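Working notes, beginning with the structure itself.
The values are calculated or read from the model by the stated rules, or taken from the named source; none is laboratory data. What you see is a predicted model; the values in this text were computed from it and never measured. So basically every Cβ, Gly included, is an ideal-geometry build from the backbone, and we count neighbours across all protein chains shown. The area values use the complete protein model at the heavy-atom level, side chains included, leaving out ligands, DNA and RNA. Shrake-Rupley method; radii C 1.70, N 1.55, O 1.52, S 1.80 Å.
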Amino acid sequence: MSGGMRLEAITPDNIDAVLELRVHPHQRDSVAPVVRSLAEAYAYGERAWPRAVFDGEELVGFLMAFLDTAWRDGSVRSGLWRLNIGAAHQGKGYGRFAVEAVRDELRRRGASRLYVSWHQGEHGPGDFYRRLGFRETGELAGDQAVGVLAI
């Protein structure tokens, strides 16, 4: 990590690199590819907040938040929809940075909680999210565990 971590909007200048981003092969069943996320961002418009994660000039990841989205219990939630850290960049603090950046953005927008869901299984990211302070709500989003972090 060079300390130059930042988020950038997806633009014509970085989209090709973002689309080439790949997680570890064993994680491919746990997180959708970036191309799907960008298609969903287009379809969901203002409710999706996609960003590229850079360290200096190097692309290291992609994230997408969901904003003010109606939940099945009638509440409105915001949180982390996708997190893809490139295979060569994992274990270096980029995932933590990305989650904290989403937390800060949601706090700026007035949210008091950050939600996330994750694929449960041997290679799922549950331990990562729990280490960051997320607690499981007991809910499922499809087959994924739902976690929440007070912000």
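Couple of notes before you dig in:
- The stretch 57-78, residues that are under 12 Å from the mean Cα position of the chain (by Cα) and either over 19 Å from G110 (Cα atoms) or at pLDDT below 95 (or both): G61, F62, L63
- Restricting attention to the stretch 1-30 and to residues that are of a type in the set (V, I, T) and open to solvent by less than 30 Å² (accessible area, probe 1.4 Å), the residue that is farthest from L63 (Cα to Cα) turns out to be V23.
- Criterion applied to S30, S37 was being farther than 18 Å from K92 by Cβ and in contact with a Lys or Arg (Cβ under 6 Å, 6 or more places away or on another chain), and the one residue passing it is S37.
- Test: residue in the stretch 67-89 that is open to solvent by less than 40 Å² (accessible area, probe 1.4 Å), part of a helix (DSSP H, G or I), hydrophobic (A, V, I, L, M, F, W, C) and more than 19 Å from F134 (Cβ to Cβ): yes
- Count - residues of the stretch 4-24 that are without any contact (Cβ under 8 Å) to a residue 40 or more places away in the chain and either closer than 11 Å to N84 by Cβ or not β-branched (V, I, T) (or both): 5
- Residue ID - least open to solvent (accessible area, probe 1.4 Å), chosen from residues in the stretch 105-123 that are out of contact with any Leu (no Cβ under 9 Å at 6 or more places or on another chain) and closer than 18 Å to E46 by Cα: G110
- For the stretch 87-120, residues that are in contact with a Gly (Cβ under 8 Å, 6 or more places away or on another chain), of a type in the set (G, A, S) and farther than 26 Å from G4 by Cα total 1.
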